[in-house]
Amino acid sequence: RMNSTDWTNILGATSTALVQNSVPKEAAGDYRDMVAAGTTNFATAAATLRVAERPQLTARAVDLSTGVFEMTLRGEAGLDYRIETSTDLVEWSLMTTVPNFPGQFQIKDIVPARDHNRFFRAEIVSSP
């Protein structure tokens, strides 16, 4: 992390990309890499880590006569989100995308009668 004299090796950080799950909000900030090449060490330019709020889908209403299911997506504004559906939690299909998310969004889905189990998930797909 920038402004620190203590460097920590991150297990598995041996390529140009690093993915970590469940990063706490406090970890947000500027970071840089220390690269060792033979006897020479150099620090890379700063990269800013942004920790986004986890998106939440909340069921609002189900109209059994029409098959319409309503839910609300809440998350961090300004990001792009993807909403997917599944009947088995293994195979996922794109339902819709929400570009430049406003912070809260109402979603309606007409559930096919054959789908006894229908699951939804929201995922951040890009950020500014």
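Worth pointing out:
- Phi-based couplings in Hz for the stretch 50-61 (Karplus 6.51, -1.76, 1.60; Gly and Pro marked x): 10, 9, 7, 5, 5, x, 10, 9, 10, 5, 10, 7
- Proximity of backbone amide H atoms, modeled 1.01 Å from N, is registered between Glu53 and Glu76 at under 5 Å, excluding neighbours fewer than 5 places apart on the same chain.
- Accessible-area ranking of Glu53, Glu91, largest first, probe 1.4 Å: Glu91, Glu53
- A simple count of charges around Thr44, restricted to other residues whose Cβ falls under 10 Å of its Cβ and scoring Lys, Arg +1 and Asp, Glu -1, yields 0.
- All Cα pairs of the stretch 18-128, percent lying beyond 22 Å: 49 percent
- Sorting Val125, Val51 by solvent-accessible area of protein heavy atoms yields Val125, Val51, largest first, with a 1.4 Å probe.
- Backbone amide hydrogens, once placed in the peptide plane, bring Leu79 within less than 5 Å of Phe101, excluding anything fewer than 5 places away on its chain.
- Using θ = phi - 60° and Karplus 6.51 cos²θ - 1.76 cosθ + 1.60, couplings along the stretch 79-96 (whole Hz; Gly, Pro as x): 8, 9, 10, 10, 10, 10, 10, 8, 10, 9, 6, 10, 8, 10, 10, 5, 9, 6
- Gained length - Glu123 relative to Ala52, 0.36 nm times residue gap less alpha-carbon distance: 24.5 nm
The values are calculated or read from the model by the stated rules, or taken from the named source; none is laboratory data. From a predicted model like this one, the values you see are computed outputs, not experimental measurements. So basically every Cβ, Gly included, is an ideal-geometry build from the backbone, and we count neighbours across all protein chains shown. The area values use the complete protein model at the heavy-atom level, side chains included, leaving out ligands, DNA and RNA. Shrake-Rupley method; radii C 1.70, N 1.55, O 1.52, S 1.80 Å.
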